[in-house]
Structures are given as C-alpha cells and as structure tokens.
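**Student:** Encoded as structure tokens, here's the structure I'll be asking about.
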Amino acid sequence: MFVLTANRFADGRVVWFTAQRYWSVLLEEAQKFSSKEALESAQEQAQQDVAAQYIIDLHSVELDSNLIPNTTREKIRAFGPSTHPEFNPRSVQETMPNE
C-alpha cells in the first residue's frame, strides 16, 4: 500500500494527497494506492501541483499493514517532529477554529 506525500511550497508543511485531489496535513486522510498503475496516475495528477509551485518534493511512501509508514523518516514526517508538540499536525487541527 502506498500514499503520495510532498511539502507545501508556501510553508514547508508535510502534506498528503487525498482522494478528493487536495493536500491534507493528516496521513489518515491520504488516498491509499494498492496498485502501481493507480499510484503512477495520481503522481501524474500531482505533478500539476508541482508545476504550479503548490508543492515540492513529491514522492510515494510505502505503508505497513497498519497504514503506518515503513521508514523512520516518513513516520516523523507523518506524525510530527519529535522535538515539540506545537508542530504536530494533530495539534494544529485541534486548535483551529470551526468555520
């Protein structure tokens, strides 16, 4: 199982490609791809956001059976830095006012 990730150009935040074709800061909202063909098709779509300078460093991440990234680097990118909770994506979402 794979997901697509990148960094948002404006602020460097880690973002994940969703089925609705937007970028979320939460891994659990990411679209999961089980086939290479579907992943490649989504990468082609996401390249438009690279060209528009909305995202940079587009790449795929393999997930384990619990939908957790396989590598330590990607775990840190997904669940926030190990240095300060202020930068954890969940903390940001929980403190955002309702619209």
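Please treat every number below as a calculation from the coordinates, not as lab data. Predicted model only: the values in this text are computed from it and were never measured. Virtual Cβ from ideal backbone geometry, glycine too; neighbours counted across all protein chains shown.
**Student:** In whole angstrom, note down how far apart the Cα centers of segment 3-25 and segment 64-78 are.
**Tutor:** 15
**Student:** Show me, for segment 41-46, the HN-Hα J-couplings you get by feeding each phi into the Karplus relation (A = 6.51, B = -1.76, C = 1.60, θ = phi - 60°), rounded to Hz, glycine and proline as x.
**Tutor:** Here the 3J(HN,Hα) series is 4, 5, 4, 4, 5, 5 Hz.
**Student:** Which shape class, rounded, prolate or oblate, goes with segment 1-85 when its Cα gyration tensor gives a ≥ b ≥ c as root eigenvalues, a/c under 1.5 marks rounded, and past that a/b bigger than b/c marks prolate? All intermediate terms of the calculation are to be shown ahead of the outcome.
**Tutor:** Details: a/c = 1.99, a/b = 1.10, b/c = 1.82.
In terms of gyration-tensor shape, oblate.
**Student:** Just to confirm a number: summing +1 for Lys and Arg and -1 for Asp and Glu over residues other than MET1 whose beta-carbon lies under 12 angstrom from that of MET1, what do you get?
**Tutor:** Working: positive: LYS32, LYS36; negative: GLU62, ASP64.
Counting the neighbours of MET1, the net charge comes to 0.
**Student:** Step through the residues of segment 27-40 one at a time and calculate ³J(HN,Hα) from phi using the Karplus curve (6.51 cos²θ - 1.76 cosθ + 1.60, θ = phi - 60°), rounding each to whole Hz and writing x for Gly and Pro.
**Tutor:** For segment 27-40, the Karplus curve yields 4, 5, 8, 5, 6, 9, 10, 9, 10, 5, 5, 5, 4, 5 Hz.
**Student:** How much length is gained on full extension from ASP64 to TYR22, taking 0.36 nm per residue of separation minus their Cα-Cα distance? Intermediate values should be presented prior to the final figure.
**Tutor:** Numbers: separation 42, 0.36 × 42 = 15.12 nm, distance 2.32 nm.
12.8 nm is the gain from fully extending ASP64 to TYR22.
**Student:** Amide H of ARG13 versus every other amide H placed in the peptide plane: which residues, excluding those fewer than 5 positions away on the same chain, fall under 5 Å?
**Tutor:** Those lying under 5 Å, H to H, from ARG13 are ARG8.
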